[in-house]
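What follows is a structure written as C-alpha cells; I'll ask about it next.
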Amino acid sequence: MIKMKAALILANGSVFSGVSIGSTQTRVCEMVFNTSMTGYQEILTDPSYAGQGVVMSYPLIGNYGINHEDNESSRPWAEALVVRRLSPRGSNFRCEGSLGDYLQAHNIPGIQGVDTRALTKILRSQGSMNGMLTCAERFDLDEVLQQLNAYRVEHTVFRVTRSQPEVFPACGEERLHVAMLDYGVKQNMIECLRRRGCKVTVLPASTSAAQVLAGGYDGVMLSNGPGDPAENTAIIEELKRLYASELPLFGVCLGHQLLALATGAQTGRLAYGHRGGNHPVRDLEKGRVYITSQNHGYMVLTESVDPSVAEISHINVNDGTCEGLRYKRPYCFTTQFHPEANAGPKDTEYLFNRFIQNMIEYRGGDR
C-alpha cells in the first residue's frame with residue numbers, strides 16, 4: 001500500500017510534513033493538544049472537540065485499537081488527528097478494529113510522522129491556533145493562511161446536541177429522575193447517574209426552563225460541550241430561570257461556565273486550554289489534590305465571581321484557575337473538570353454522590 005504524503009499547516013506559517021492516515025480530505029480546524037497517554041477513542045467521540053483537530057502528545061497512539069463500548073457519543077466529533085506514530089493494529093481482548101480504519105470509516109483526516117513534541121511546544125507557547133491538514137502536493141501558503149485566519153469555531157453546541165429527548169433507564173431500581181441538558185454530553189456522564197439508580201432524560205440544548213421545571217425531575221445536570229460559553233446567550237437566559245428555582249443543579253465543564261455566566265460571573269479564553277487526563281485539582285473543602293480529566297479552552301474568571309453568589313470550591317494546581325464553584329443557593333455546585341472520566345486512583349466521582357444526596361434532601365427523605 002502506497003503511503004500518501006500529508007502536511008499540517010499552522011496559522012503562524014509553520015509547516016509539518018508527514019504521512020496521511022485516515023481520510024485524505026483537506027480539513028481546516030482549530031488545533032489543540034491533549035496530553036493523555038490513553039483514551040484516544042473517547043477523545044475522538046467527545047462532542048467537546050467539535051471544530052477542533054487534536055494533537056496527541058504521547059508518541060504512540062492506537063496500540064489497543066477501537067471498540068464500540070468506549071464511544072462517548074454516537075459518532076466522532078474531532079475534525080482531525082495528529083500523532084507521532086500510529087499503531088497499524090490494536091492489541092487488546094476488546095479490540096474490534098484499528099484506529100486507522102476507524103479514521104477512514106468516519107472521514108477523519110490525520111497525519112503521522114510529525115514531531116508532536118515540537119508541535120505541542122508551539123501550541124503551548126503561542127496558544128491554540130487554526131491549522132489545515134492536506135494531502136495536496138502543492139499549496140499556496142499565503143492562500144492557506146488567509147483561510148486559517150478566517151476560520152472560527154462557532155455555534156457548536158447546536159451542532160452536537162440531540163434534536164429530541166432520549167430516556168436512559170436506571171441500572172437496577174429507579175431512585176431518582178434526572179434531566180440532563182445536552183450541550184455535548186459524554187455517555188459516561190449518563191452512565192455515572194444510571195449506576196446510582198437514576199433514570200436520565202437527556203434534553204436538547206434548546207429546552208426551556210419552563211419545560212424542565214414542568215417535567216417533575218428530581219434534579220438537573222448541565223453537561224459538558226464545545227465552544228465559547230459566552231456565545232450561548234439564549235441558553236444562559238434559560239439557566240437564569242432554572243437557577244431561580246430550588247431544583248438541584250450540577251454543572252460540568254461547559255455547564256459550569258454557562259451557569260457562572262447566568263449568575264453574573266465572566267469567562268475568558270485560556271491560551272492553550274486544559275486537555276488531558278493528568279491535571280491536578282485541589283478540592284479546597286477536603287484539602288486534597290485529585291488527578292482529573294479535562295477538556296476545555298475557556299475558564300470562569302475567579303475575580304468575577306460574586307462571593308455573595310458562590311465560592312470557589314476547586315482550583316487548578318498548575319495555574320490557579322477556577323475548577324469548581326459552590327453556590328450559596330441550596331443544592332447547586334459545578335466543576336470545570338470531568339468527574340466521570342476516572343483519571344486517577346482517587347477519583348472525583350464523589351461529586352455524583354453529592355448530587356444524589358442533594359436530590360434526596362430536596363425531595364425530603366431517603367430514596
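Length gain on complete extension for the stretch SER91 to ASN353, per 0.36 nm per residue less the alpha carbon to alpha carbon distance?
Here the segment from SER91 to ASN353 would lengthen by 90.8 nm.
Could I ask something else about it? Please report, for the Cα atoms of the stretch 23-63, the Rg to one decimal and the Dmax as a whole number; what are they, in angstrom?
10.6, 27
Under the definition of Cα pairs under 8 Å and six or more residues apart, what whole-number percent is the relative contact order of the stretch 1-139?
36
Set the Förster distance to 25 Å, then compute FRET efficiency between SER163 and TYR58 from the Cβ-Cβ distance, nearest 0.05.
Details: r = 35 Å, r/R0 = 1.42.
Using R0 = 25 Å, I get an efficiency of 0.10.
Taking each pair of distinct Cα atoms in the stretch 1-75 once, what is the resulting Kirkwood hydrodynamic radius in Å?
14.1
Follow-up. Can you give the net charge of the other residues whose Cβ lies under 11 Å from the Cβ of VAL157, counting K and R as +1 and D and E as -1? Walk me through the numbers before you get to the answer.
Values: positive: ARG159; negative: GLU154, ASP182, ASP228, GLU231.
In short, -3.
Please give the direction-averaged projected area of the C-alpha convex hull for the stretch 106-240, in square nanometres with one decimal.
Taking the Cα atoms of the stretch 106-240, their convex hull projects to 12.0 nm² on average.
Right, another one. Rg(Cα) of the stretch 278-343 divided by 2.2 N^0.38 Å?
So the Cα radius of gyration is 1.07 times the expected 2.2 N^0.38 Å.
Here is a further query. Please give the net charge around SER308, taking every other residue with its beta carbon less than 12 angstrom from that of SER308, where Lys and Arg add +1 and Asp and Glu add -1.
0
Expressed as a whole number of Å, what is the distance separating the alpha-carbon centroids of the stretch 1-43 and the stretch 63-139?
Cα centres, the stretch 63-139 to the stretch 1-43: 6 Å.
A further question follows. State, to one decimal in nm², a quarter of the convex hull surface area for the C-alpha atoms of the stretch 227-367, i.e. the direction-averaged projected area.
Numbers: hull surface 34.0 nm².
Averaging across all directions leaves 8.5 nm² for the Cα convex hull.
For the stretch 2-143, report the convex hull volume of the alpha-carbon atoms normalised per residue, in Å³, without decimals.
So the per-residue Cα hull volume is 95 Å³.
Give, to the nearest whole percent, the P(r) tail of the stretch 205-309 beyond 20 angstrom, counting all Cα pairs.
So the portion of pairs separated by more than 20 Å is 44 percent.
Now a separate question. Over the stretch 64-165, what per residue volume does the convex hull of the Cα atoms give, in whole Å³?
So the per-residue hull volume is 156 Å³.
May I ask for the angle, rounded to the nearest 10°, between helix 141-150 and the longest principal axis of the chain, with both axes built from Cα atoms and the value confined to 0 to 90°?
10
For the chain, what does the helix formula give at 222 nm: sum of -39500 (n - 2.57) over DSSP H segments with n ≥ 4, over the residue count, nearest 500 deg cm²/dmol?
Using -39500 (n - 2.57) per qualifying helix, the result is -6500 deg cm²/dmol.
Taking just the alpha-carbon atoms of the chain, what radius of gyration and Dmax come out, in angstrom?
Rg then Dmax for the chain, in Å: 20.6, 69.
So, one more: Given points 7 Å out from each Cα along the Cα-Cβ axis, report the SER208 to MET4 separation in nanometres with one decimal.
Using points 7 Å along Cα→Cβ, the separation is 4.9 nm.
Give the peptides 299-306, 312-319, 42-49, 6-13 in descending order of average Cβ contacts within 10 Å, highest first.
42-49, 6-13, 312-319, 299-306
Still on this model: Using each residue's phi in the stretch 190-203, evaluate 6.51 cos²θ - 1.76 cosθ + 1.60 at θ = phi - 60° and report the 3J(HN,Hα) Karplus result to the nearest Hz, with x for Gly and Pro.
Going residue by residue, I get 5, 5, 4, 6, 4, 5, 9, x, 9, 7, 10, 9, 8, 10 Hz, with x marking Gly and Pro.
Sticking with this one: Once you have a ≥ b ≥ c as the square roots of the Cα gyration tensor eigenvalues for the stretch 43-106, tell me rounded if a/c is under 1.5, and otherwise prolate or oblate according to whether a/b is larger than b/c.
Note, shape of the stretch 43-106 comes out oblate.
Using the basic label-point model (7 angstrom from Cα toward the beta carbon), what is the VAL289 to ARG138 distance in nanometres?
With each label point 7 Å from Cα toward Cβ, the separation is 5.4 nm.
Which value, in debye to the nearest 20, describes the size of the charge dipole of the stretch 189-321 about its Cα centre when Lys and Arg Cβ atoms bear +1, Asp and Glu Cβ atoms bear -1, and nothing else is charged?
Approximately 500 debye in magnitude.
In the neighborhood of GLY297, defined by Cβ-to-Cβ distances under 14 Å, what is the net charge if each Lys or Arg adds +1 and each Asp or Glu adds -1? Walk me through the numbers on the way to the answer.
Details: positive: ARG124, ARG152, ARG269, ARG275; negative: GLU30, ASP46, GLU154, ASP228, GLU231, ASP319.
Result for the neighbourhood of GLY297: -2.
For the stretch 116-174, what is the convex hull (Cα atoms) projected area averaged across all directions, in square nanometres?
If you wrap the Cα atoms of the stretch 116-174 in a convex hull and average its projections, you get 8.8 nm².
How far is it, in nm, from the label point at ARG241 to the one at ARG269 when both lie 7 Å from their Cα along the line to the Cβ?
3.2
Computed from the coordinates by the stated procedures, all read-outs in this text should not be read as laboratory data. Just so it is clear, the structure is predicted and the values come from calculations on it, not from any experiment. Reconstructed Cβ throughout: ideal geometry from the backbone, glycine too, with neighbour counts over all protein chains shown.
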